[in-house]
Amino acid sequence: MVILTLAMLFSLPLLVFAESKTFSNSTYTNWDKPYTGTYNAYKYTTSNKNYVHADVKFKYNSTQKTNMLNTNYYPTVEIKLDSVNPKLQGLYYSTTMPDAKLDTDNCSYSTFSAICEIEAASKTPNDIVAGTEYQLSTEWQYISSYNVSTEPYLIAYSSQSREPTTAECLIGQCELNTVSNTFDSLAGFHIPSDITSGSWTATTTTLATDSIQTNTTQIESKTLIENPEYTAIENKIQLDEFAAEVNDNIRELKGNELSEFIITFNRPLSSEEVKEYLDDISSVLLYGRGINSNSERVTIGQVLLSDSVFDAIESDTSYEFKGYIQLQGVASKEVLEKLVDDSNVYSVEVAKGTIPMGLYWKLENSK
């Protein structure tokens, strides 16, 4: 069943080329690839603009769940644009993965850069329920100013993610990174350039796997920057203690250097409220909260801060939007100190010896 999202904002869209591809995995020790799932996509036009929706739905079984917990890595799913054909710009995305850590990557082309990769990892694998269907849904818009004859290619991947090494943090890669030899291609779609004719090609693919794997650093576990305090949080008292500790870290920052951080808000904020926090912050990634028809928590990721994307997220019919729960970005010590004292802010985690994780999932669980 196709659920319209961004398109419902405007006039009734012209929906074309809805396609679906299934995938499976019978080697359960290879837990990073879900044992079953579907990759779905459709292309639509509305208000004279062309969009693509792509989502991957997937399940882990009980054997995979056991193996997952034995590794201490994070299950991860992403949808990536083939960088050879840069005709799409990622707009926003959502996932039902528990305690999701969201990420996007930009690709730089000859005259511009655009979001070309959208990723979600579960920071609390213990909350994964065997046999439950999870999803990552993405929305993309065609870049009208960049017209190439080749068709865009959207690929779904799964993998295991790990904490970064100290060396990676020093070169600006202080984020969850792919574990070597765990990068699995699920399925891909060639998207027809012609909105009115043609057909989709659905394939399983290994495209780009080699080039991505060569960028994955072979590491020893002892070099990882781990965050055992976050993993150990089980109740509100421990959560409050952790929040107080990370807030105190802001006071210890040197000078007015820029730092990566994640704000966790005390409650979901409206778009108008969250916009008040965007001044003096760069590299913004907003986290939103929705509740779907199965009463599951949906985590929403937003990088583009245009009014149309705010409106699209609030009007998405695949969930009931509750508000914005976290804000990730880069800011100075002066800005971060003000945020710590803000009445709407529960915590401000800064990249100091570990990566900021965001606390809203645990804050919800503690209520």
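The values are calculated or read from the model by the stated rules, or taken from the named source; none is laboratory data. Not measured: the values here are computed from a predicted model. Methodologically, a virtual Cβ is constructed for each residue, glycine included, from the backbone with ideal geometry; neighbour enumeration extends over all protein chains shown. Keep in mind that these areas ignore ligands, DNA and RNA; they rest on the heavy atoms of the full protein, side chains included. Shrake-Rupley method; radii C 1.70, N 1.55, O 1.52, S 1.80 Å.
Check off (1) part of a strand (DSSP E or B); (2) at pLDDT 95 or above for T63 and give me the number that stays unchecked.
(1)
Which number in (1) part of a loop (DSSP other than H, G, I, E, B); (2) at pLDDT below 95; (3) within 30 Å of I143 (Cβ to Cβ) marks the one condition that N256 misses?
Exception for N256: condition (3).
If the Cβ limit is 9 Å and pairs must be 6+ apart or interchain, which residue in the stretch 268-286 that is in contact (Cβ under 8 Å) with a residue 24 or more places away in the chain and at positive phi pairs with which residue that is surrounded by 15 or more Cβ atoms within 10 Å (Cβ to Cβ) and polar (S, T, N, Q)?
D280/S332; S283/Q328
Regarding the stretch 79-88, can at least one residue be identified that is modelled with pLDDT of 95 or more and in contact with a Ser or Thr (Cβ under 8 Å, 6 or more places away or on another chain)?
Yes, there is a match, as at least one residue in the stretch 79-88 is modelled with pLDDT of 95 or more and in contact with a Ser or Thr (Cβ under 8 Å, 6 or more places away or on another chain).
Specify the residue that is modelled with the lowest pLDDT; the eligible residues are those in the stretch 95-114 that are part of a strand (DSSP E or B) and under 12 Å from the mean Cα position of the chain (by Cα).
Here the residue is D105.
Residue by residue through the stretch 120-143, note down the ones that are assigned to a strand (DSSP E or B) and acidic (D, E).
E139
Tally up the residues in the stretch 302-326 that are open to solvent by less than 20 Å² (accessible area, probe 1.4 Å), over 20 Å from N365 (Cβ atoms) and in contact (Cβ under 8 Å) with a residue 60 or more places away in the chain, please.
5
Can you find even one residue in the stretch 82-94 that is part of a loop (DSSP other than H, G, I, E, B), out of contact with any Phe, Trp or Tyr (no Cβ under 9 Å at 6 or more places or on another chain) and either open to solvent by 10 Å² or more (accessible area, probe 1.4 Å) or aliphatic (A, V, I, L, M) (or both)?
Within the stretch 82-94 (the criterion being part of a loop (DSSP other than H, G, I, E, B), out of contact with any Phe, Trp or Tyr (no Cβ under 9 Å at 6 or more places or on another chain) and either open to solvent by 10 Å² or more (accessible area, probe 1.4 Å) or aliphatic (A, V, I, L, M) (or both)), the answer is no, since none of the residues qualifies.
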